[in-house]
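Below is one structure, written out as structure tokens; the observations come after it.
Every read-out reported here was derived from the displayed coordinates using simple, explicitly stated rules and does not represent laboratory data. Owing to the predicted nature of the structure, the values given are computational and were not obtained by experimental measurement. Every residue, glycine as well, gets a Cβ built from its backbone with ideal geometry; the counts of neighbours run over all protein chains shown.
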Amino acid sequence: MLVDKVLSLRAPVLVAVALLCFEAISIVHANKSFEDVRCKCICPPYRNISGHIYNRNVSQKDCNCLHIVDPMPVPGHDVEAYCLLCECKYEERSSNTIKVTIIIYLSVVGMLLLYMLFLLLVDPLIRKHDPYTQPLHNEEDAEDIRPQPEGAQGRGNTVLERVEGAQQRWKKQVQEQRKTVFDRHKMLS
């Protein structure tokens, strides 16, 4: 049974590892395809010319319409009027900060996946079969609940046993609520 669980989890884990490797490789190659500074000019429509966005990697002092807009879509005497309409902004970003953030995020996701795998493998070994627990099926089963022995309440010394005890109390409350709802429904009918 445990071997079947491990084999059924093998494919999702391999996919997750492959995605993490792909992301790490793409982060390494991101340095070659992006720059940290750019000048962005947004030029609205002008006469019969449609609006356009121009991007270029230049220094901050050269971030203006005359250096960025190339080729100039208007004739020489309209260049000044066209450039007054354009809004140019110098933008900076830290690609190293972005890379570190992505690596931390992927590391946390990877650790959570490994933790989930660990819990799926170890949980069946830790969990004991309790003869007093029954699956919830319907109203008839709610009447056949057996109370827990007195020794079971005192032994709740591990976190798992405390959680199981709380879960059993919750199941009892749900079954009692179902019983009262069905009884009220029968009375009103």
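Converting phi to 3J(HN,Hα) with the Karplus coefficients 6.51, -1.76 and 1.60 and the offset θ = phi - 60°, segment 105-120 yields 4, 5, 5, 5, 4, x, 5, 5, 5, 5, 5, 4, 4, 4, 5, 5 Hz in sequence order, with x at every glycine or proline. Multiplying the residue separation of R169 and N48 by 0.36 nm and removing their Cα-Cα distance gives an extension gain of 36.1 nm. If the chain linking L125 and E91 were pulled fully straight, counting 0.36 nm for each residue of separation and taking away their Cα-Cα distance, it would gain 6.7 nm. Note on R56 and Q177: their simple-model spin labels are 6.7 nm apart, each label 7 Å out from Cα toward Cβ.
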